[in-house]
């Protein structure tokens, strides 16, 4: 699975620019984390890029939708089981597949966090993620009304499973997103 093939799948199934940017953000975080765990950035990046590709067309997670359908589609296209399993593991409450490998644990730990960090950037006057600091993240983290859909407890459990400090994890993911600020649409207003 090369990046071009993964991106073609994303664009085939996803029209929402917001959802595409989310997948790009998770890809950036996964690629950034890969060397830390002696992982292949291309494989880890593909997992991040593809993890929600089926969500727009098959959102019914209660029955037979995301990410189960996506895994089947990827299998039909010959995508490696390691990638498919990682994608299934980011929704264990639906799939019954729990994160076990480092790659799976990282995906689980970065998925919702990337959205939270982008939300922190978008409420700034500049809308530039490169200006976001730990102090503002920490303040927003404690505000249950801010980005209320983000399950902070789930992120904290995922970070514990990785064996890293929450602040260290958040800042590492923030760095990944800052490196891709323009592609993610959070490089400030032009």
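Tell me whether the range 109-130 contains one or more residues that are farther than 22 Å from residue 18 by Cβ and in a loop (DSSP other than H, G, I, E, B). Checking the range 109-130: not a single residue is farther than 22 Å from residue 18 by Cβ and in a loop (DSSP other than H, G, I, E, B). For the range 140-151, filtering for residues that are exposed (fewer than 12 other Cβ atoms within 10 Å of the Cβ) and outside any loop (DSSP other than H, G, I, E, B) leaves 1.
Taken over the range 13-33, residues that are touching a helix residue (DSSP H, G or I) at 6+ places or on another chain (Cβ under 8 Å) and free of Cβ contacts under 8 Å to residues at least 40 places away in the same chain amount to 3.
Quickly run through the range 163-183 and pick out the residues that are within 22 Å of residue 103 (Cα to Cα) and touching a residue at least 60 places away in the same chain (Cβ under 8 Å). Once the filter is applied, which keeps residues that are within 22 Å of residue 103 (Cα to Cα) and touching a residue at least 60 places away in the same chain (Cβ under 8 Å), the range 163-183 yields 169, 172, 173, 175, 176, 177, 179, 180. In the range 82-93, the qualifying residues are those that are over 23 Å from residue 18 (Cα atoms) and at pLDDT below 95, and the one that is nearest to the chain's Cα centre (by Cα) is 92.
The values are calculated or read from the model by the stated rules, or taken from the named source; none is laboratory data. None of these values were measured; they are calculated from a predicted model. A quick note on method: Cβ atoms are made from the backbone with ideal geometry, for glycine too, and the neighbour counts reach across all protein chains shown.
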